[in-house]
Structure formats: structure tokens, C-alpha cells
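Asks: Pasting a structure here, questions to come.
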């Protein structure tokens, strides 16, 4: 038992909200954030997806069990559970697809530094590495191998232009403030500042919003 | 007289056109080879230009040569970009087809057969994919299957529309044979209509066998 466990025990919100409900909230949050953020966010830590997977498995088993007895009374409950299950699966699917789309778009960028690599889950990392290898191989066999050796790289940075395309961190996002905080933003002509109140909704550049989101002062919407 | 980069430009135009098409136009093997050849020729030019200087070339004393070198240098890189863009656009398209569950190789083979029967085999290999692309599709399909396999309960390639109803009305557009559902078997014959569980028929809708109503 470490300090986190003790703190959790005295946290009044800990026992009132069951784990499943909080997992669903976390998943929904991660899904909304991932879909609005221009760059890939961190893979949720703490075994969220393991728990969600287990839950889905359990519900599928339950559905199978309930289909077994054709009692009309359980039929309604069955439809409710199946609907909920479909929605749950949709959330996970949409979340994973949003991430894969971003990874595919800027594969080399996300593989280039350890910090960026750590954002991917193990499976995503394996997928991205393999995908990049396939692409490189494809280029090589299609035309690149007939090039002079100095031109065969895919990650040249000569002439101050990097061949590695990166996501646009300056694109705009909407955020909702979760507590009163100072919102700073860099503008084209001059920088702006405002005292944000809780539940204010602001639009600003992702590069400015990122810090607020990471510290938990705001969430993407 | 064609200028440096004209061929590369053509490739980019092909790529741009491909983005707005639903199918994949034939691979421009000849053009790709020509652009790659241009790069090799330019590289040879650079080598022969630099040869007399024995590695002691000073751009400020011989500005004409320096300019030629710069133009060659940039043209080579531009051609490379054009080639990369062209191939990437096509692989993106192929990946999209793989995600949507089409059997891309089968599709292109069918097309080949179809075209051949009409032109009486006048034109041998009319597959719109290059052999390298066929390899790529096969390997990417395997990769995707492996990634999907780790999420067995989710069906990653399923619909990205949020599910509203558990059951939907569908009309059968093409005979799809018999499918098994947890409520028994359904025989999907053309023009019939069914009220089925969305999860059971999603694949068939994506492949164009069924049409969702309402």
C-alpha cells in the first residue's frame, strides 16, 4: 500500500462512483479529446483499456447467456444491454481509428523521438513500425533503389527542410475550463491573456491549449 | 523540349486526380521509370561537372557551374518528392480499400479479366496495380489483420457511424446467401426486406449487398 492508495481511500468521490462508470467517463473523455486534438495524445495509462476489454467480454457472455433462455421478460433487458454494448464498442472503435489515422499520417514523426514513441500503445508502436517498413520497402522496390545512394533517405533534413511531416500544432481547438485559471495565448500581432472562469468555453491554438489540458485545467470539446 | 521536372509534374497531376476518384487508375510505370532516369542522369551530370575540380570546388570563383549544380540538386530532390507523393497517394488509396474490406487483388484481377475479354486480350497486363503495389496490399492486409486480431471484440473495421438502433431495416440489393444470426438463419435473396441486428449485417452493407433503410 502506498500513498496513492491511502489518498484514494479518503477521497470522497472514490467510493461513490463505481469503477465501471469512471472507466466509461475516462473513455468518453479520451475519445472526445483524441478526435479534437491535432496531434496524437498519450495512450491512457493505468490499464483503462484492459478493464474496458474485460467489461465488453463480460457483457458479450451475458448476452449469450440471456439469449439462451427465451423468456420474454429478459428480452427487454437483453435489448438494453445489447444497445449499450454496441455503443461501448463504437466508442472504442472510433477512438482507436482516430489514433490510427493520426499515426498513419505522420508515422515517421511519431517514431522519431522517445517522447513521441511513448505516446503510442505497444500494439500501435508495432503497427506503426511495421507500416513504415512496408512503405519504405514499397518505395525502394518501386523507384528509390535506382536512385543515387545519397538520395535514398526518407528523413533528410538538408537545407533546413525536414522530409518528416509533422502535425500542425497551431490549429485551433475548443476547450472547456475545468477551474478558474489564466488563459494565455500567442497571437499574430500581440499576445492575449484572460482570466478564465470554470466552465468557460474558449477557442485557441492547440499549442497554447496543450498546457492547460495536460495540467487538467481544461478539457477538449 | 521538355524541361527538368515536367515529368514529375505529370506524376503529381496524376496523384491529384487519383485523390478524387473512387477507383485506382492504372499505375504510370513508364512515367515513374522516366522520372527516376532523370534523377540518375542529373546525378551523373553533377558528378561529371565536379570531376575536374578534384573536390576543391569554390562556388564564388565559378558561379555558372555553381548555379548549374544548384539547379540539378534541386531538380533531383523535387523529382524525388513527386515520386514519393505519387506513390503515397496510391498506397493511401489502397489502404483505404483494405480498411473497407475490399479484396483489392481480387478486384484488380477481375478488372483485368473484364478488360481482356472486351479487347480480346490485345493488352496483356491491364491490372491497375504495379507488382510492387500488389505486394504492398498483401502485406498491409496481413498487418491490418494482425492489429485487428488484438481487438477481437471490437471489429475495428466496423461502421464509424454512432449506433442509434440495435435493429435496422435493410433491403437486399444482391443475393448474399444465408447468414446466421442469434435468432436463426436468414436467407438474403434480392429485393427482399428484413429487420435485423445492425451488428450482424454491417459487413454486408459495407460490401454493397444490403442497403440500410430509414
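None of the figures in this text is laboratory data; all of them are computed from the coordinates on show. None of these values were measured; they are calculated from a predicted model. For neighbour counting, all protein chains shown are included, and Cβ atoms are generated from backbone atoms with ideal geometry for every residue, glycine included.
Asks: For a protection proxy built on the mean count of beta-carbon atoms within 10 angstrom, sort B:16-27, A:26-37 highest first, please.
Replies: Sorting B:16-27, A:26-37 by mean packing, highest first, produces A:26-37, B:16-27.
Asks: For chain B, modelled as a GNM with alpha-carbon contacts under 10 angstrom, which of B:105, B:94, B:160 fluctuates the most?
Replies: B:160
Asks: Here's another thing I want to ask about it. When the Cα centres of the range A:200-218 and the range A:165-181 are compared, how far apart do they sit, in Å?
Replies: Answer, in whole Å: 5.
Asks: Which order results if B:205, A:201, A:52 are arranged by neighbouring Cβ count within 10 Å, fewest first?
Replies: A:201, B:205, A:52
Asks: For residue A:17 and residue A:197, what does the FRET efficiency come to when R0 = 22 Å and r is the distance between their Cβ atoms, rounded to the nearest 0.05?
Replies: Using R0 = 22 Å, I get an efficiency of 0.30.
Asks: While we're here: Just grab the label-to-label distance for residue A:215 and residue B:71, each label 7 Å out from Cα along the Cβ direction, in nm (one decimal).
Replies: About 5.6 nm separates the two model spin labels.
Asks: Residue by residue through A:147-154, how many Cβ atoms from other chains fall within 10 Å of the Cβ on average? Mind dumping the intermediate values first?
Replies: Working: counts 8, 8, 1, 2, 8, 1, 1, 2.
Mean inter-chain Cβ contacts per residue within 10 Å come to 4.
Asks: When all alpha-carbon pairs of the protein assembly as shown are counted, what percent fall beyond 39 Å?
Replies: 40
Asks: Choose one answer from A:64, A:20, A:184: the residue with the largest mean-square fluctuation in a GNM of chain A with alpha-carbon springs under 10 Å.
Replies: Residue with maximal mean-square fluctuation among A:64, A:20, A:184: A:64.
Asks: Per residue, what volume in Å³ does the convex hull of the Cα atoms of chain A enclose?
Replies: Considering the Cα atoms of chain A, their hull volume per residue is 202 Å³.
Asks: Given the C-alpha centroids of the range A:16-30 and the range B:37-80, what is the distance between them in whole angstrom?
Replies: Cα centroid of the range A:16-30 versus Cα centroid of the range B:37-80: 62 Å apart.
Asks: To continue, here is another question. Given R₀ = 35 Å, what would the calculated FRET efficiency be for residue A:80 paired with residue B:21, taking r from the Cβ atoms and rounding to 0.05?
Replies: Approximately 0.20, to the nearest 0.05.
Asks: Then there is this: What's the extension gain from residue A:101 to residue A:145 if we count 0.36 nm per residue and subtract their Cα-Cα distance? Working shown, then result.
Replies: Details: separation 44, 0.36 × 44 = 15.84 nm, distance 2.82 nm.
Length gained, residue A:101 through residue A:145: 13.0 nm.
Asks: Divide by every residue of the protein assembly as shown the summed helix terms, -39500 (n - 2.57) for each DSSP H run of at least 4, and state the resulting mean residue ellipticity at 222 nm, rounded to the nearest 500 deg cm²/dmol.
Replies: Value at 222 nm, helices only, nearest 500: -18500 deg cm²/dmol.
Asks: Sticking with the crude label model, points 7 Å out along Cα→Cβ, report the distance from residue B:191 to residue A:126 in nm, one decimal please.
Replies: Computed distance between label sites residue B:191 and residue A:126 equals 5.0 nm.
Asks: In nanometres, what is the gap between the two model label sites at residue B:206 and residue B:81, each 7 Å from Cα along Cα-to-Cβ?
Replies: 3.6
Asks: Also, quick follow-up: Using a Gaussian network model of chain A with C-alpha springs under 10 Å, which one of A:139, A:127, A:95 is most mobile by mean-square fluctuation?
Replies: A:139
Asks: In Å, what Kirkwood hydrodynamic radius results for the range B:34-100 from the alpha-carbon pair distances?
Replies: About 14.1 Å, per the Kirkwood formula over Cα pairs.
Asks: Further question on the same structure: So if we plug the beta-carbon distance of residue A:57 and residue B:6 into 1/(1 + (r/R0)^6) with R0 = 51 Å, what FRET efficiency do we get, rounded to 0.05?
Replies: 0.30
Asks: For peptide B:84-93, compute the average count of partner chain beta-carbon atoms within 10 Å of each residue's beta-carbon.
Replies: 3
Asks: Can you give me the angle between helix A:122-142 and the longest principal axis of chain A, using Cα atoms only, in degrees from 0 to 90, rounded to the nearest 10?
Replies: 40
Asks: Still on this model: Which whole number gives the average, over all residues in B:133-143, of C-beta atoms from other chains lying within 10 Å of the residue C-beta?
Replies: 3
Asks: Consider a paramagnetic label point 7 Å from the Cα of residue B:171 along Cα→Cβ; state which residues of the range B:178-204 have an amide N under 20 Å from it.
Replies: Those under the cut-off are B:187-198, B:201-204.
Asks: With a/c under 1.5 counting as rounded, go ahead and sort the range A:53-128 into rounded, prolate or oblate using the C-alpha gyration tensor (a ≥ b ≥ c being the square roots of the eigenvalues; past the cut-off, prolate if a/b is larger than b/c, else oblate).
Replies: It comes out prolate by the Cα gyration axes.
Asks: Sticking to Cα atoms, compute the Rg of chain B to one decimal and its Dmax as the biggest Cα-Cα distance, whole number, in Å.
Replies: In order Rg, Dmax, the Cα atoms of chain B give 25.6, 86 Å.
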